[in-house]
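Here is the structure we will look at, set down as structure tokens.
The values are calculated or read from the model by the stated rules, or taken from the named source; none is laboratory data. Every value quoted in this text rests on a predicted model; they were computed, and no experiment measured them. Because the Cβ atoms are built from the backbone with ideal geometry, glycine has one as well, and the counts that use them run over all protein chains shown.
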Amino acid sequence: MLGIPLKYNIRHLYVRWVGTVMTALGIALPTAVFCAVMALNNGLSKALTETGDENTIVFLRKSSMTETNSSIVRADAPVIEALPGIERDPKTSRAIVSKEIMILLNLNRIGGTASNVAIRGMSPEGRLLRPNVKLIEGEWPREGLTDVAVARNISERFEHCKIGDRLPLGKRDWRVVGIFDAGTTAYGSEIWGDAETLAGANLRTDAWSSVWVRAKPGELKRGEELYNSGAIPKSIMNVTEAADEKSKEPEMKSVLAAIGMIATSRISDAGLSLTLAPKFDSQLKSMEAFTERDYFRKQTDMGSPIAYIGQFIAIFMAIGAAFAVMNTMYAAVASRGREIAVLRAIGFKRRSVMISFVIESTILALFGGAIGALLSLFVNGISTGTTNFATFSEITFAFQVNAQVMISGAIFGGILGVFGGLFPAWRAARQPITQAMRAI
Amino acid sequence: MLGLIPYIRNNLLRNRRRTILTLLSIAASVFLVVVLEAILRHLDDMPHVDGSERRLVVRRNTNFKDSMPQTYNNKIRNVKGVKGTAAIILYWGIYKELRAEYFFGKMAIDADTLAENYPETRVVDPVTGAPRPELTDEFIKDRRGASAGRGLYQKYGWKLGDRITFQGIGFPDVEVTLRSCYDGQERSSFYFHRDYLDELMGRAGQVTFFNIICNTIEDCPLVAARIDAEFANSDAPTVTETERAFQAQWVSMLGNVRVLLRSIALACAFAMVCVAANTLAMSARERAHEIAIMKTLGFTPGALLILLLIEVAVLCGLASAAGAGAAKLLFQFEGPWTDIGNGFLLGFRVPAWLALAAVPFGVFVGWCAALPPFLRVTTAPIAPALRRIV
């Protein structure tokens, strides 16, 4: 079976260029919306999933999920600090542990409505735990002072967040002394200050929100191996009860990581495990540990209402566009009745005619899809904010149009073309030859 | 002129398939434009609950999650102009699993204050919707009882007496029994006993916000000022705002949705112009021959243009009416689609005026698309048009 040359279709699209462009635009716009929604999702989840180091671990109160909900009684923090698997700062030889507090503050967007911004109070070690966060202006807040540093994205978009401004928080005003850049990570939507001062000013001196530690390199892997080999006593396994029930992969791994630290301490030093075990267990059992990456990734589960509405819209636009493609293709078939008859007469099979028209409509749609994907580049990099509905705090993100989004967009357009072209192509193929030849 | 109606009708019916496809694609665009516009109006105008004008919400000055002492209740009750107060703990917990579709507002409240503060709600049977005032007492009597909006009953297929468990997020887990059901414009919140939650938490006396009902609407601003003044110098200063403003915060948290939705609506309208322009250009091209004949018969270009524009108006008007009507109808009924905003578009309806306004809008857009090709055809010289073979 011989196919009708592709050139035939392309030439036709070119000859009817006004119609081609119009139909392509009709496809391009839904595609652009589709791409923009994907880019939004992408940017949002990137902000959450790209935050994180496998060796940084956060301890929260069990089933609190986020720092804003969690509280770890201050007396329990030393239990974590005493874990042997924790990396030490080579300069001070202190364990890299940051006791942190998270507070939400309702702030006004510049020229807009209000939202909750997360304020993170941290120990001086906190910055060692996030080496990718860079100060770009001013200085870091000092311990014991009511100073804060603001992420650049927040500083640009919210009132009272420029250097020298005063932020009303708790019973005092806080001075903005620095601006930092945290790239596209979740930290890029925060305000940082000193944990102890923030806790005092907000009457939260009984508990921390979370405790962050840096594990020694390789420690987590060792813990995992120990766990898999069954070397860890059953009593310690209790710590993982909650994770076992849900048996979700990333969660499991992070809890294992935490066990890794406990287990090494016990196995290397049997004496310690005997004397300290009961206390150790009861306190750690009330906590949950995640690697930094898993912690932020979990927050994407909630999804964004914006994305919901976006998908709904893209589907309806696609339906409208599919009808438009059908219309154009029916017109193409109708106006080329004689041509098709001639093609059939010189020996092309029905199937070839049908395939040829479906291909033509797909080319048309792919063209539209490509325009749409290119159009969506206009939103690429636009930075905006919405609320992370897991923590209820503002999260800044940038639309991310990448190759995957654009290819998906073009495919989305192409699919419209296949569906839109199917019925007209069927009609073209079924046309009686003699009648079509006779028609003017 | 009236005699030309059959001409218009026949033209529209000449290529039925094309007319229907054009109609459908325009209808889809109008549907979207109407829904998006309605969403924007809805967001601007939250909440849509009658009776909420008299209500105020007292929250902490920092954010809506921080708590304050329950002892504020007595002080607030004594503020001049206050009719009733309800101390509420906003409870965070997971129903079934952490997915947006299982999310709804859960509040621990003093059961007896519910009726006083929300006089516009009716206690009803969850299945039939018939009034059943005795359920209120059953809820009050059962310390582990709960009352939920009828919307939740329908969404999750609950029945009275069902046990509902929440896995607490920063709160203890809660297991309560459904004892009552309320209906009103707001019908998707979940209430249970505050003293029961206090007991589970092992610490009493902290609440997330107070819902206040004032004697009159005029009292509200003064009451708000008085309450905030009362606690200004305490450890936990307050912000008192209208229930409307409090609700609007949730929307403002979404960020710049307006710009996003508006630009998509624009894209839809533009896509619609492209589609219409293309189809109309096709039909104009096909008709060049007969239009030339009509001009030979004495029709002026102006008259022909008017005829064609009337045809377009009928087509686009019908399509818009179909799209807008579908939008209006769809959101008139409860269903999975009513939740497109995922809890953010409570009681979302397409206003009738908006659906009606969509018809002239559609006609206008159609005309914009039709004018260039039709102008060209009607003003083209007769002889070449007659000579051309389609």
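Any idea which residue in the stretch A:11-53 is modelled with the lowest pLDDT, counting only those that are surrounded by fewer than 15 Cβ atoms within 10 Å (Cβ to Cβ) and among the hydrophobic types (A, V, I, L, M, F, W, C)?
My answer is A:V18.
Would you confirm, using the coordinates I've provided, whether B:G341 is modelled with pLDDT under 80, within 13 Å of chain A (Cβ to nearest Cβ) and in contact with a Gly (Cβ under 7 Å, 6 or more places away or on another chain)?
Criteria not met by B:G341.
Okay, residues lined up against (1) polar (S, T, N, Q); (2) touching a helix residue (DSSP H, G or I) at 6+ places or on another chain (Cβ under 8 Å); (3) over 24 Å from B:A271 (Cβ atoms):
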{"residue": "A:V325", "(1), (2), (3)": "no, yes, no"}
{"residue": "A:T328", "(1), (2), (3)": "yes, yes, no"}
{"residue": "A:G347", "(1), (2), (3)": "no, no, yes"}
{"residue": "A:V353", "(1), (2), (3)": "no, yes, yes"}
{"residue": "A:F357", "(1), (2), (3)": "no, yes, no"}
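Checking the conditions here, which among B:N63, B:N78 is more than 10 Å from chain A (Cβ to nearest Cβ) and free of Cβ contacts under 8 Å to residues at least 60 places away in the same chain?
B:N78
Only one of these is small (G, A, S), closer than 30 Å to B:V365 by Cα and within 14 Å of another protein chain (Cβ to nearest Cβ): B:A271, B:A232. Name it.
It is B:A271.
Is it fair to say A:I80 is touching an Asp or Glu at 6+ places or on another chain (Cβ under 9 Å) and surrounded by 23 or more Cβ atoms within 10 Å (Cβ to Cβ)?
In short, no.
Check B:R41, B:R9, B:R17, B:R99 and return the single one that is facing chain A (nearest Cβ under 9 Å), under 21 Å from B:S320 (Cα atoms) and modelled with pLDDT under 90.
Going through B:R41, B:R9, B:R17, B:R99 in turn, just one is facing chain A (nearest Cβ under 9 Å), under 21 Å from B:S320 (Cα atoms) and modelled with pLDDT under 90: B:R17.
When the residues of the stretch A:148-165 are filtered to those that are under 15 Å from A:R120 (Cα atoms) and of a type in the set (V, I, T), which remaining residue is modelled with the lowest pLDDT?
Residue satisfying both the conditions and the ranking: A:I154.
Taking strands (runs of 3 or more DSSP E) that do not extend beyond the stretch A:84-175, which have at least 2 residues that are outside the structural domain of A:E394 (by TED's automatic domain parsing), surrounded by 15 or more Cβ atoms within 10 Å (Cβ to Cβ) and of a type in the set (S, T, N, Q)?
In the stretch A:84-175, the matching strands (runs of 3 or more DSSP E) lie at A:97-108, A:114-122.
Taking helices (runs of 4 or more DSSP H) that do not extend beyond the stretch A:290-350, which have at least 3 residues that are under 30 Å from A:T387 (Cα atoms)?
A:292-298, A:305-335
With respect to the numbered conditions (1) farther than 30 Å from A:A398 by Cα; (2) at pLDDT below 90, which one is the sole condition not fulfilled by B:V257?
Against the list (1) farther than 30 Å from A:A398 by Cα; (2) at pLDDT below 90, B:V257 comes up short only on (1).
Inspect all residues belonging to the stretch B:47-63 and state whether any of them is out of contact with any Cys (no Cβ under 7 Å at 6 or more places or on another chain), in a helix (DSSP H, G or I) and of a type outside the set (D, E, K, R).
There is at least one residue in the stretch B:47-63 that is out of contact with any Cys (no Cβ under 7 Å at 6 or more places or on another chain), in a helix (DSSP H, G or I) and of a type outside the set (D, E, K, R).
Cβ-Cβ below 7 Å, separation at least six or inter-chain, first residue in the stretch B:95-108 and under 16 Å from A:N388 (Cα atoms), second acidic (D, E): which pairs?
Listed pairs, sorted by first residue: B:L98/A:D301.
Report, by residue number, each residue of the stretch A:187-200 that is over 12 Å from A:D147 (Cβ atoms) and either touching a His at 6+ places or on another chain (Cβ under 9 Å) or outside any strand (DSSP E or B) (or both).
The answer is A:Y187, A:G188, A:S189, A:A195, A:E196, A:A199, A:G200.
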